[in-house]
Amino acid sequence: MMEIFFETKDVFQLKDLEKIAPKEKGITSMSVKEILQSLVDDGMVDTDRIGTSNYFWAFPSKALHARKRKLEELESQFAESNQKKEALQKSIEKSKIGREDTAERTALLEELAALRQKKEQLKAEIDKYRECDPDVVEEMRKVGSAHQIWTDIYSEEL
């Protein structure tokens, strides 16, 4: 369809395209309108309403400018991404300083892991004795007494 516009460099109405497209490009006349609308939606073909008629056109120079604009946009995004990549690589290198694998660092990491494991064991032991905690026992009594009150009220209603 775009070849029709580029080769003729002319302005068409829909009925003209429905006649030309099947003959020259083998596009079925039933799908010309859908294809044309798709091209208009994608910004590849321009359209304008003059009076009661709709006119369609597309010139090679517009397509060239659109491709150039897209290329510039993509190049800009590429350059921006490269800058971000370089900044992240510098950040990684900077964060590695002081984290070199030394015997002292390895020993400290092992000690940290052992202390974390001991913390988890102590936490588990505290949870085991939680039922004996006076605050927890008092809370359980309050909940139990509230439960008893509701049970008593329900029993009286029956």
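The values are calculated or read from the model by the stated rules, or taken from the named source; none is laboratory data. None of the values given here were measured: they were computed from a predicted structure. Side chains included, ligands, DNA and RNA excluded: accessible areas come from the protein's heavy atoms. Shrake-Rupley method; radii C 1.70, N 1.55, O 1.52, S 1.80 Å.
Please report the Cα spread of segment 3-142 along all three principal axes, rounded to whole Å, starting with the longest.
Computed over the Cα atoms, the extents are 91, 54, 29 Å.
Determine the distance separating the Cα centre of segment 10-62 from the Cα centre of segment 73-111; give it in Å without decimals.
If you average the Cα positions of each part, the centres end up 54 Å apart.
For Lys9, which lysines qualify as cross-link partners when the Cα separation must be under 30 Å and same-chain residues fewer than eight apart are set aside?
The reachable lysines, counting only those whose Cα sits under 30 Å from Lys9, are Lys19, Lys23, Lys25, Lys33, Lys62, Lys68, Lys70.
So what is the accessible area of the chain per residue, in Å², with the probe set to 1.4 Å?
85
Using a 1.4 Å probe and counting only protein heavy atoms, arrange Val136, Val45 so the residue with the most accessible area comes first.
Val136, Val45
Rolling a 1.4 angstrom probe over the protein chains, ignoring ligands and nucleic acids, what is the accessible area of Tyr55 in square angstrom, nearest 10?
Counting only protein heavy atoms, the figure is 70 Å².
Comparing Gln83, Gln121, Gln13, which has the greatest mean-square fluctuation in the GNM of the chain with Cα pairs linked when under 10 Å apart?
Gln121
Of Asp48, Asp133, Asp101, which has the largest mean-square fluctuation in a 10 Å C-alpha GNM of the chain?
It is Asp133.
Rounded to the nearest 10 Å², what accessible area does Leu115 show when all protein chains are kept and the probe is 1.4 Å?
Near enough 100 Å² of accessible area.
When the accessible area of the chain is computed with all protein chains present and a 1.4 Å probe, what percentage of it is carbon and sulfur?
Ligands and nucleic acids excluded, carbon and sulfur give 55 percent.
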